[in-house]
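Trainee: Dropping the structure in here first, questions after.
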Amino acid sequence: PDCSAITAPVEAKLSFEHNDPHLTEVFGSTTEIQLTAKGSFPSMTIHLEDAETELIGCTGFKQDTISFGNVSYHATVERRIIIRNNGLAPLEITDLDTNLAAFELEMDWDPSNPIPAGEARSVTLRFESSQLPPWGCNSAVNPDEATLTIRHNDPFLTALVGPTAEIRLTAQRMK
């Protein structure tokens with residue numbers, strides 16, 4: 001869907017009738033005033049860089065999982081996400097983390113600094129298979145799973161999914 005409506009100005013007309021002879025002489029007995037309002041808030045989207053797959057957009061989750069696929073022993077697989085602020089105010093990311101050490105984050109920016117309107121930042125997600133799967137374990141049945149947590153100040157996403165966006169991360173360790 002087109003998310004431009006979130007940042008588009010809202011227009012309305014205020015009409016009122018009056019009996020002021022001075023205004024009636026110039027405008028008639030009905031006066032109209034054009035009103036235009038433009039909100040100032042962030043609007044966050046997140047997509048995978050290589051596939052342009054949108055994970056989170058203005059209408060909520062599009063895809064809630066990032067798969068790292070089959071990962072051989074001692075191999076590292078990376079996925080890169082882009083966090084974009086399509087809004088008109090700074091996007092604050094107050095928490096950006098995973099809950100499993102095998103999935104690491106790398107950023108060349110400080111998440112405590114808001115993302116300005118119209119700008120984007122990238123995050124590299126890395127899965128390192130430094131351990132073999134348990135003996136006899138079918139990793140396709142028991143994949144490594146983690147949650148990427150992104151706490152934000154986007155009011156529309158907060159209304160849809162809450163103040164924290166969570167994306168599932170999965171990888172299958174192979175022998």
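Trainee: Identify the trypsin sites (Lys or Arg not before Pro) of segment 27-115 meeting these criteria: DSSP loop state and at most 15 other C-beta atoms within 10 Å of the C-beta.
Mentor: When the trypsin sites (Lys or Arg not before Pro) of segment 27-115 are filtered for loop state and at most 15 Cβ neighbours within 10 Å, Lys38, Lys62 remain.
Trainee: If you stretched the chain out fully between Thr170 and Leu14, how much longer would it get, using 0.36 nm times the residue separation minus the C-alpha to C-alpha distance?
Mentor: Length difference between fully extended and current span is 50.8 nm.
Trainee: Put a dot 7 Å past each Cα toward the Cβ at His22 and Asn70; how far apart are the dots in nm?
Mentor: Distance between the two pseudo-spin positions: 8.4 nm.
Trainee: Mind ordering 166-172, 118-124, 28-34 by average Cβ neighbours within 10 Å, highest first? Each step should come with its number before you reach the end.
Mentor: Working: 166-172: 18.3, 118-124: 15.7, 28-34: 11.0.
The peptides rank, most packed first, as 166-172, 118-124, 28-34.
Every read-out reported here was derived from the displayed coordinates using simple, explicitly stated rules and does not represent laboratory data. Keep in mind it's a predicted model, so treat the numbers as computed, not measured. Backbone-built Cβ (ideal geometry, glycine too); neighbour counts: all protein chains shown.
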